[in-house]
1. Quick one: check the C-alpha center-to-center distance for segment 304-375 versus segment 181-259, whole angstrom.
2. Read phi for every residue in segment 320-333 and hand back ³J(HN,Hα) as whole Hz from Karplus 6.51 cos²θ - 1.76 cosθ + 1.60, θ = phi - 60°, with x for Gly and Pro.
3. What nm distance separates the two modelled labels at Ala215 and Ala145, each placed 7 Å from Cα along Cα→Cβ?
4. Mind ordering 163-169, 450-456 by average Cβ neighbours within 10 Å, highest first?
5. Taking θ as phi - 60°, what are the ³J(HN,Hα) couplings along segment 229-244 by the Karplus curve (6.51, -1.76, 1.60), each to the nearest whole Hz, with x for Gly and Pro?
6. Computed FRET efficiency, Cβ-Cβ of Ser187 and Val392, R0 45 Å: what is it to the nearest 0.05?
7. Using a 7 Å offset from the Cα along the Cα-to-Cβ direction at both Thr205 and Asn284, what is the distance between the two label points in nm, to one decimal?
8. Given +1 on the Cβ of Lys and Arg, -1 on the Cβ of Asp and Glu, and no further charges, what dipole in debye does segment 132-230 carry about its Cα centre, rounded to the nearest 20?
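Please treat every number below as a calculation from the coordinates, not as lab data. Since we're looking at a predicted model, the values are computed, not measured. So basically every Cβ, Gly included, is an ideal-geometry build from the backbone, and we count neighbours across all protein chains shown.
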Amino acid sequence: MRIFLVPSSLSAVLCLAVTGGCGSTAGVSDAGNSADAATTGTSGARGTTTRAQSSGRETSTTRQSTGSSASVTIGVSTTASSARTGAASTTGASTASEGTTKSSASASGSTSAGGSTRTSSNATTVAVAPTVVSVLPVDAAADIALNSHVSATFSEAMNPATLSTATFTVTSGTPAVAVPGTVVYGSRTAVFWPTAALASNTRFTAEVTTGATSASGLPIPADYPWTFETGATTVAGVPVDLGTAAGYVILAETGISTVSPSMITGDIAVSPAAATYITGFSPNLDSSGTFSTSTQVVGRLYAASYADPTPGDLTTAIGDMTTAFTAAAGRAPDVTGLGAGSIGGLTLPAGVYGWGTGVLMATDVTLTGDATDVWIFQIAQGLTVSNGAHLVLSGGALAQNVFWQVSGAATLGTTVEFAGTILCQTNIALETGASITGRLLAQTATTLDADTVVAP
């Protein structure tokens, strides 16, 4: 079969010459046009849509019945086609987006020299099933470090509630024995963190089941298994991914308050609380309405009540903060119950330390390691740092690689010198004259009293 493409400017002429007019056909859209007082014609378009499942994208092909144009869209795209008869014109546009794919057609017309245009449009919503697009470790990988995590990345945004150890499993042996762990989801990637280091020289099978569904409720097409084998070594720790929360030196959900003068280097924000819950800073709202400034902050102040895009940005950051808290809690501890929760006077190498109690730092603590080492402290209750205590970083250790995951309240006493990111499920309080090189990320409030906070 041969297809001849005829320019849209000639399509009406050919139709009139051969048939005395072109009949409209049913499809995605139709348009009728009257050229001049003596001649009336209509034109139509028929569209078909197909989806490319493997990549999670939609391919849309539109054919004009009179040969005006054809276009293909992949991923997020826009196509437009037009047909002209006499002095009338129509335009149509379709869009496709990831996740739940939305397609819409719109048409508009204008008239001149006595011509008229009528238009119609139809809208279709198509949900695209998610697929697993990449995994770590890769399938059949060997000599994997014993302290590794396992992850799967999806083509579509997923429903976090459907990603757990019930739908994302790691097993070994015959019959299969499940590896205990925690599943954390964010940015289309689900991560399985084993509760303890993996067994050495062992073959493991990881699997994501069809119980995992997209945000629009569609499951992956089939169970997705892959295998890997461990070696006998461990690797340097991996920092906790803070996502967009890393852009703030203080981030809290219910409020940030200070007794002047505090000095903060970096941006601070509250959400979903409004700007009125940032107190003691005497903020000055910028003319854009998106942020404010303060003499106590070398940076900007943000709140959920400010103008767009601030509210949306903060919602994302709060979500990333919560995800980071869960991810830090899910790491397999190298040491548990150290000092029965009293760590004053200790020198600690890099690693993951866990306590089922609170932690008291009554005197100085030293973290020794190089610039690539990572420390994660998992504290099931509160963290208390006594007045005047110092956290000392030696050997090149960096504050940006120190993480304190605290399920209770975190309190830094007067004149304390501290370091690292505090991921706190409740409130963080710095007493008079305390300082920290790091971040204060609180799921409730943060209070300051003439303190110094500097981004790492």
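1. Going from one Cα centre to the other spans 16 Å.
2. These are the phi-based 3J(HN,Hα) values: 5, 4, 5, 4, 5, 4, 5, 5, 5, 5, x, 5, 6, x Hz.
3. 3.2 nm
4. On the way: 163-169: 18.1, 450-456: 19.7.
So the peptides 163-169, 450-456, ranked by packing, come out 450-456, 163-169.
5. 10, 7, x, 9, 10, 10, 10, 4, x, 9, x, 6, 6, 8, x, 6
6. Details: r = 34 Å, r/R0 = 0.77.
Here the calculated transfer efficiency is 0.85.
7. 6.6 nm
8. Values: 2 positive and 6 negative charges, 32 e Å.
The dipole magnitude comes to about 160 debye.
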